[in-house]
Amino acid sequence: VPPDPQHPPRRWLAQGRGSPRLVLVVVFVALLLDNMLLTVVVPIVPTFLYTTEYEGANSSAPPAQTEAAPPALKAPPFSSLFSYFDNTTVPVSGSESPLEVPNGTESSRPPAPPGSPPGPPRGCPEGHEFLTKENVRVGLLFASKALVQLLVNPSVGLLTNRIGYHIPMFVGFTIMFLSTVMFAFSGTYTLLFIARALQGVGSSFSSVAGLGMLASVYTDDFERGNAMGVALGGLALGVLIGAPFGSIMYEFVGKSSPFLVLAFLALLDGALQLCILQPSRVSPESTKATPMSTLLRDPYILVAAGALCFSNMGVAMLEPTLPIWMMQTMCSPQWQLGMAFLPASISYLIGTNLFGILANKMGRWLCSMIGMAVVGVSLLCVPLAKNIYGLIGPNGGLGFAIGMVDSSMMPIMGYLVDLRHTSVYGTVYAIADVAFCLGFAIGPSTGGAIVRAIGFPWLMVIIGVTNLAYAPLCWCLHSPPAKEEKMAILSQECPMQPKSYSRQKALREFPLTEDSDVEAENVE
């Protein structure tokens with residue numbers, strides 16, 4: 001039905017539904033919200049669990065009561081603390097005066113906890129042992145999203161090959177909205193864990209379908225690289241806004257506030273999808289997709305996926321462990337725990353947009369190789385920081401380098417499928433997303449355990465050296481060969497070309513054809 005000239009909005013929608021740029025906008029917003037929700041919990045969860053669990057368990061012990069709520073120490077005289085453990089109000093008459101507690105005993109403010117480096121005692125959380133154990137629990141909580149996404153991704157890739165990209169995209173939005181609302185009203189570790197796992201399902205639908213949709217809309221390799229750079233910019237912006245937004249809103253408004261804002265933005269994204277996308281008119285891919293097992297046996301796809309996995313594993317290990325390390329060594333206030341990730345996010349945003357264009361000119365394999373080397377060096381420099389300002393350089397370098405790797409490897413994935421397999425993209429971007437998820441699943445879960453065993457600095461050394469060691473493998477991607485079947489299809493006009501793949505066998509069976517083979521080479 002042609003658009004009605006009397007209704008400009010309807011005409012705009014009809015034009016927009018065929019526009020690749022508006023598809024890019026939808027994917028950009030979906031990745032933005034997914035990654036805002038991914039990182040908004042990073043500064044909230046460690047302090048939320050510390051406040052609710054450590055304070056609750058130790059409310060009868062005076063030192064813990066004093067330390068559990070650092071902002072209260074700066075309160076004016078005659079302020080009070082409310083204990084949720086036994087529902088009593090504890091009056092405080094200044095930060096240096098004795099503290100009255102429910103059992104009638106008094107205690108002066110204790111010194112800095114044993115085992116932490118010397119630093120300003122005011123505002124340092126107590127419970128060094130609790131914080132060390134919390135590394136593991138927070139790591140598992142963060143990893144749950146990626147583990148679930150890892151399990152769901154392959155089936156989403158197959159689903160997109162059958163029913164198209166638009167319906168899975170909308171399903172992803174719906175699940176993401178439910179997860180966000182659940183985060184807002186979860187008060188225990190178990191409910192937070194379930195909400196995080198549910199986010200993994202929604203993220204799998206939206207990211208696999210979104211990247212596959214982009215690859216199918218932008219068929220030119222150069223344009224596809226630029227579009228992937230813009231879409232990954234949405235991912236970067238989500239990471240950029242998430243952690244600082246979460247820490248500031250949690251400290252000054254409350255735990256639910258950042259999640260309710262994200263839920264509202266998710267509703268806007270859903271409305272945008274309904275307006276622009278056409279779920280009812282989407283047909284499945286006309287060409288039969290290459291099976292995932294075949295793609296997973298392709299060494300070039302595996303090298304690209306490995307680069308995505310290891311480069312992102314570094315920041316995945318930082319997410320649960322860096323805030324707790326800052327609480328222990330720098331006595332950082334709550335708002336700084338999220339702001340520490342700001343340099344990485346800003347530089348990632350710059351890196352993805354800059355190298356979406358530059359990588360195609362300098363060689364995507366070279367761009368990713370340099371990126372992985374810089375990731376390794378940046379991670380090695382993180383433990384050298386003595387305060388939040390010392391983290392600006394290492395985290396900035398880390399974000400910029402991961403931007404280089406991501407903006408190079410995502411287009412390479414589509415290019416490898418075009419060159420060596422069938423040009424259907426749902427499955428290969430499911431593999432790319434699996435690589436991301438492996439990094440974000442292994443990173444936090446093992447990172448917390450390694451910190452508990454040998455300490456945060458050694459964790460950074462291990463993952464930094466791993467990235468440096470993997471970087472040379474990116475050289476393999478500098479000129480990947482096409483598959484024989486692809487070469488035959490691409491050069492159907494040249495009947496001598498397919499012969500070159502069976503030349504050895506032909507020479508053994510028919511020695512007389514040797515001269516004709518040489519002539520064929522000369523003609524080529």
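Would you list His166, His421, His478 from the most to the least accessible area, probe 1.4 Å?
Of His166, His421, His478, the descending order of accessible area is His478, His166, His421.
Based on the Cβ-Cβ distance of Cys476 and Ile392, what FRET efficiency does E = 1/(1 + (r/R0)^6) give at R0 = 30 Å, to the nearest 0.05?
E between Cys476 and Ile392, to the nearest 0.05, is 0.30.
What FRET efficiency comes out for the pair Ile350/Trp458, r = Cβ-Cβ distance, R0 = 35 Å, nearest 0.05? If you can, show how the numbers build up before the last one.
Numbers: r = 30 Å, r/R0 = 0.87.
Working from the Cβ atoms, E equals 0.70.
List the residues, sorted by chain then number, that are 5 or more residues from Gly164 or on another chain and whose placed amide H is less than 5 Å from its amide H.
Sorted by chain and number, the residues that satisfy this are Glu285.
With +1 on each Lys and Arg Cβ and -1 on each Asp and Glu Cβ, and nothing else charged, work out how big the dipole of region 158-312 is about its Cα centre, in Debye to the nearest 20.
360
For region 375-430, which whole-number percentage of the solvent-accessible area (1.4 Å probe, protein heavy atoms only) is attributable to carbon and sulfur atoms?
Answer for region 375-430 is 68 percent, counting heavy atoms of protein chains only.
Given the Cα-Cα distance of Glu223 and Lys361 and 0.36 nm per residue of separation, how much length would full extension add, in nm?
Difference between extended and current length: 48.4 nm.
Please give the contour-minus-distance gain from Ala449 to Cys275: 0.36 nm per residue of separation, less the Cα-Cα distance, rounded to one decimal in nm. Don't skip to the end; give the middle numbers.
Working: separation 174, 0.36 × 174 = 62.64 nm, distance 4.62 nm.
Taking Ala449 through Cys275 to full extension adds about 58.0 nm, to one decimal.
If you roll a 1.4 Å probe over the heavy atoms of the protein chains, what accessible area per residue do you get for region 351-425, in Å²?
32
Size of region 340-426 along its principal axes in angstrom, Cα-based, largest extent first?
Extents along the principal axes, in whole Å: 52, 24, 19.
Compute the convex hull volume of the Cα atoms of region 121-266, divide it by the residue count, and report the result per residue in Å³ as a whole number. Provide the component values of the computation, followed by the final result.
Details: hull volume 20.3 nm³, N = 146.
So the per-residue Cα hull volume is 139 Å³.
Between Arg21 and Phe264, what length comes free when the chain is fully extended (0.36 nm per residue of separation minus the Cα-Cα distance, one decimal in nm)?
Stretched out fully, the Arg21 to Phe264 stretch lengthens by 85.1 nm.
Calculate what fraction, in whole %, of the accessible area of region 154-252 sits on carbon and sulfur atoms when a 1.4 Å probe is rolled over the protein chains.
Ligands and nucleic acids excluded, carbon and sulfur reach 77 percent.
The values are calculated or read from the model by the stated rules, or taken from the named source; none is laboratory data. This structure is a prediction, so every number in the text was calculated from the model and none was measured. Here Cβ is always computed from backbone atoms with ideal geometry, including for glycine, and neighbour counts include all displayed protein chains. All accessible areas refer to the heavy atoms of the entire protein, side chains included, with ligands and DNA or RNA removed. Shrake-Rupley method; radii C 1.70, N 1.55, O 1.52, S 1.80 Å.
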